[in-house]
1. Please compute the contact order of segment 63-146 in relative form: average sequence separation of alpha-carbon pairs under 8 Å and at least six residues apart, divided by the residue count, as a percent.
2. What length, rounded to one decimal in nm, is gained on full extension from LEU105 through to LEU62, with 0.36 nm per residue of separation minus their alpha-carbon distance?
3. Please say if segment 121-173 is rounded, prolate or oblate, where rounded means a/c under 1.5 for a ≥ b ≥ c the square roots of the C-alpha gyration tensor eigenvalues, and otherwise the choice is prolate for a/b larger than b/c and oblate otherwise?
4. Farthest toward the dipole's positive end in segment 29-121, which of GLY33, GLY88, LEU111, given Cβ charges of +1 (Lys, Arg) and -1 (Asp, Glu) about the Cα centre?
5. Counting only pairs 8 or more places apart or on different chains, how many lysine pairs in the chain have C-alpha atoms closer than 24 Å?
6. What number, in percent, do you get for the relative contact order of segment 19-97 if the mean sequence gap of Cα pairs under 8 Å and at least 6 apart is divided by its residue count?
7. Place a +1 charge on the Cβ of each Lys and Arg in the chain and a -1 charge on the Cβ of each Asp and Glu, then give the dipole magnitude about the Cα centre in debye, rounded to the nearest 20.
8. Quick check: residue separation of ARG140 and ASN46 times 0.36 nm, minus the Cα distance between them. What number comes out in nm?
Amino acid sequence: MGALISFFMNRRIRAFRIFQLIANVVVIGFMFGNLLSFAQFNAWINAGMRMSLLSGVFCVTLVLALLTNKNWYCSFVCPFGSAQELAGMLVRKKPLIPAPVRKILRVFRSLFFVSVAGLMLLGLSFDYTYIEPFAAFQWRSASLIVLILATASLLLSIMIPRCWCTYACPTGQILELFQRPLIGNKRYPKKE
């Protein structure tokens, strides 16, 4: 509920935003450990989507993306994105990444997504939790690869805002595919 309030208030109350980020990490991440992820999408494709809190969050994410052209889940719910945002608050002045490097990194994200999606569509089965840092919230059962990926991403996020989200996350890439508003705006104007 707090994520929806924050979404519509557009981060106007900074103290509430920090509280929300911490709550996302602690409650959604460490307590529940059930996040939208590529592994979850793969499970839904293979076994079907059952009604659950997570599938409800996914549906709200899709509706809001279509209506507002904003990714609600990544910006206001995802515990790993929240952890990165909190890590980024440790250093105010961040180095500027040159535009050509940012462009290459964004292309990497797209290529990573296409590669992983291609493997999934070809039916190649492997543990998709290894490709994202989200399983690190369940650190007792997470693989060493995931723990290293999560730690590296969090450390990089101190200097590069939401490093994993911006330059690698295949789940975010999937959710961005739905950011096509039904209501016109500057990017997609109303046809008259």
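The values are calculated or read from the model by the stated rules, or taken from the named source; none is laboratory data. Just so we're clear, the structure is a prediction, and the values are computed from it rather than from any experiment. Counting neighbours? That spans all protein chains shown, and the Cβs are built from the backbone with ideal geometry, glycine included. Side chains are part of the model used for accessible areas, which takes the heavy atoms of the whole protein and leaves out ligands, DNA and RNA. Shrake-Rupley method; radii C 1.70, N 1.55, O 1.52, S 1.80 Å.
1. Relative contact order for segment 63-146 comes out at 15 percent.
2. So the extension gain works out to 12.9 nm.
3. It is oblate, given that a/c is not under 1.5 and a/b is not larger than b/c.
4. Looking along the dipole axis, the top candidate is GLY88.
5. 7
6. 43 percent
7. 920 debye
8. 31.2 nm
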